[in-house]
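Everything on this sheet refers to the single structure shown next.
Coordinate-derived values only; no laboratory data. Since the structure is predicted, the reported quantities are computational estimates derived from the model, not experimental observations. Don't worry about glycine lacking a Cβ; one is built from the backbone with ideal geometry, like all the others, and counts go over all protein chains shown.
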Amino acid sequence: QCDYPLHLGVTAAGPPSLATIKSAIGIGGLLSEGIGDTLRVSYTGASELEVKAGYDILEALGLHKRHEAELISCPTCGRCEIDLVDIVEKVRQRLPGDKKHLQIAIMGCVVNGPGEAREVDIGIAGGKGFGFLFKKGEKVRKIPEDRMVDELLEEIAHMA
């Protein structure tokens, strides 16, 4: 403990992809131990991305309220039978800005998907050409793959 603010940062971190990892580990590790008052994420290049990364670190640690819904998705594996990357990106682009409090999961399979995302508010677990919509871990209905994005977003729009 000290009587003045302690500033945290990783200098010379490199391009955004590498610097994000270095900053999350270095800054996040200290903040998780209660060390630090201010932070700076440094990238080679686009400074507007630095600010977003700083907020992302704070949000991941629960030290700052989210400015957007939390979108969770799996890394995909051999069981994934939907175009998960495309679906996740379409949902991300169309998420309403007033749903900051929601956790949304888009999972690639019906084997692990519902269990891995049981703590979220709403989500989709994909199957071969379809997905199960679930809320708070409970299966709601089956949706064809070509309707997943629209129906998930419709459900999200109706949530408080």
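Of note:
- The charge dipole of region 7-60, taken about its Cα centre with unit charges on the Cβ of Lys, Arg, Asp and Glu (plus for the first two, minus for the last two), comes to roughly 160 debye.
- Amide H contacts under 5 Å for Lys99: Ala69, restricted to partners 5 or more places along the chain or on a different chain, H placed in the peptide plane at 1.01 Å from N.
- Region 70-99 versus region 112-160: alpha-carbon centroid distance in Å: 11 Å
- The P(r) of region 70-157 has a tail past 21 Å containing 16 percent of all C-alpha pairs.
- Once the Cα-Cα distance is subtracted from the 0.36 nm per residue extended length, the Cys77 to Arg40 segment shows a gain of 9.8 nm.
- For the chain, the longest principal axis of the Cα atoms and the long axis of helix 148-157 meet at an angle of about 70 degrees.
- Residues whose amide H falls under 5 Å from that of Leu8, counting only those 5 or more places apart or on a different chain, are Asp37, Thr38, Leu39, Arg40, with hydrogens built in the peptide plane.
- Label zone at Asn112, where the point sits 7 Å out along the Cα-to-Cβ direction: region 78-98 residues whose backbone N lies under 20 Å: 78-89
- Simple spin-label estimate for Lys22 and Glu151 in nanometres, 7 Å along Cα-Cβ: 4.6 nm
- Value in Å of the Kirkwood radius, where the chain supplies the Cα pairs that are averaged: 17.4 Å
- Among Ser23, Ser32, Ser73, a tally of other beta-carbon atoms within 10 Å of each Cβ gives an order, fewest to most, of Ser32, Ser73, Ser23.
- Average Cα contact separation per residue, region 70-157, under 8 Å, 6 or more apart, as relative contact order %: 26 percent
- Most mobile of Asp83, Asp121, Asp56 in a GNM of the chain (Cα contacts under 10 Å): Asp83
- MRE, 222 nm, helices only [DSSP H, n ≥ 4, -39500 (n - 2.57), over the chain, to nearest 500]: -10500 deg cm²/dmol
- The calculated pair-distance distribution of region 7-60 uses every alpha carbon pair, bins of 10 angstrom beginning at 0, and gives 29, 60, 12 percent.
- Relative contact order [Cα under 8 Å, 6+ residues apart], the chain, whole percent: 15 percent
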